[in-house]
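The values are calculated or read from the model by the stated rules, or taken from the named source; none is laboratory data. Everything quoted here is computed from the prediction, not taken from an experiment. Cβ: placed from backbone, ideal geometry, glycine included. Neighbour counts: every protein chain shown. What goes into the accessible areas is simple: the full protein's heavy atoms, side chains included, and nothing from ligands, DNA or RNA. Shrake-Rupley method; radii C 1.70, N 1.55, O 1.52, S 1.80 Å.
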Amino acid sequence: MVDMSASGGFGTTENLKREKAAELASVVAFSAIRNNDKMGVCLFTEEAERFIPPKKGAAHVWRVISEILQFDPERTGTSISRAVDYFGRAMRKRTVCFVISDFYDSGYMDSLKRLNKRHDVIPAIITDPGDFALPEAGILEAQDLESGQRLQLDCSDRETRERFRREREGFLAGTRKDFSRAGMDSVLLSTDQSSADVLTSLFRKRERRAR
């Protein structure tokens, strides 16, 4: 499952969040080819906008990757709960389900918990260094990419910058703690990190636990 909402258009490194999400999904897809597994995708915003059922084969995987890279969403917002509930209805057989998003949403944990009872859910949190640091500048006008809401911040004030960092780091830590309490292995991927390295670390952790 890949979040295609407007917040994916943010990025302060060589990659936007949406591009890093697509990279991660592609690595998962190629892993499916190597293991001769089926692979599909659900692309979502405020709704589940596109669903491609799992199949085997390189041609199918290339179709999935192409869809992720070229998809033009109809909506800008995010509703993880609606997308997850849709996926739960669409997928009856047990799967390993990566939910790739920045998780800038609320009210989705109950839906994720229900899905995790029937599937192996792995939340993949996409972040960017700019999520946690305001520039040392003057008055900054920022706009929410999803809602369009604007606000002004005095970035010349050190306390404003520190408060912003603490709030964003606290949000991330709380989100990961919620996933852990629900029995889900989450992964954290920044736009300046390697998707392959993050996934390799996850798989090795799971292998050690299974021994």
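Some notes on this structure:
- Sum of -39500 (n - 2.57) over DSSP H runs of 4+, divided by residues of the chain (222 nm, nearest 500): -14500 deg cm²/dmol
- The charge dipole of the chain, taken about the Cα centre with unit charges on the Cβ atoms of Lys, Arg (+1) and Asp, Glu (-1), comes to about 1720 debye, rounded to the nearest 20.
- Length added when fully stretched, I139-R163, from 0.36 nm per residue minus Cα-Cα: 7.1 nm
- Heavy atoms of R163: accessible area, 1.4 Å probe, square angstrom to 10: 100 Å²
- Rounded Å value of the spacing that divides the Cα centres of segment 93-170 and segment 1-65: 19 Å
- Area accessible to solvent at K55, 1.4 Å probe radius, in Å²: 120 Å²
- Taking the longest Cα principal axis of the chain as reference, the axis of helix 158-181 is set at about 20 degrees.
- Rounded, prolate or oblate (a/c below 1.5 giving rounded, otherwise prolate when a/b exceeds b/c) for the chain by Cα gyration tensor: prolate
- Segment 67-151, Cα convex hull volume normalised per residue, Å³: 137 Å³
- The H on the amide N of R50, modeled in the peptide plane, is under 5 Å from the matching H of L43, each at least 5 residues off or on a different chain.
- Cα-based helix-to-principal-axis angle, 195-210 vs the chain, degrees rounded to 10: 60 degrees
- Of all accessible heavy-atom area on the chain, the percent that carbon and sulfur account for (1.4 Å): 46 percent
- Which listed pairs, of K38/K93; K17/K55; K93/K113; K117/K177, have C-alpha distances above 22 Å, in listed order: K17/K55
- Evaluated with a Cβ-only charge set (Lys, Arg +1; Asp, Glu -1), segment 126-211 carries a dipole of roughly 860 debye about its Cα centre, given to the nearest 20.
- Taking other residues whose beta carbon is less than 12 angstrom from the beta carbon of A32, and scoring Lys, Arg as +1 and Asp, Glu as -1, yields +3.
- Close amide-amide hydrogen proximity is noted between T191 and T127, D128, each under 5 Å apart and 5 or more residues distant or on a separate chain (H modeled in the peptide plane; Pro and chain starts excluded).
- Segment R34-R181, length gained on full extension (0.36 nm per residue, minus Cα span): 49.7 nm
- Förster-model FRET efficiency, 30 Å R0, Q193 and A90, C-beta, rounded to 0.05: 0.45
- Three-way shape call for segment 172-211 based on the alpha-carbon gyration tensor, with the a/c threshold at 1.5: oblate
- Positive-end residue, the chain charge dipole about Cα centroid, Cβ charges, pick of S79, F203, L69: F203
- Proximal aspartates and glutamates to K56, defined as alpha-carbon separation beneath 13 angstrom and excluding residues fewer than eight positions away on the same chain: D37
- Fully extending the segment from R209 to R75, taken as 0.36 nm per residue of separation minus the present Cα-Cα distance, adds 44.2 nm.
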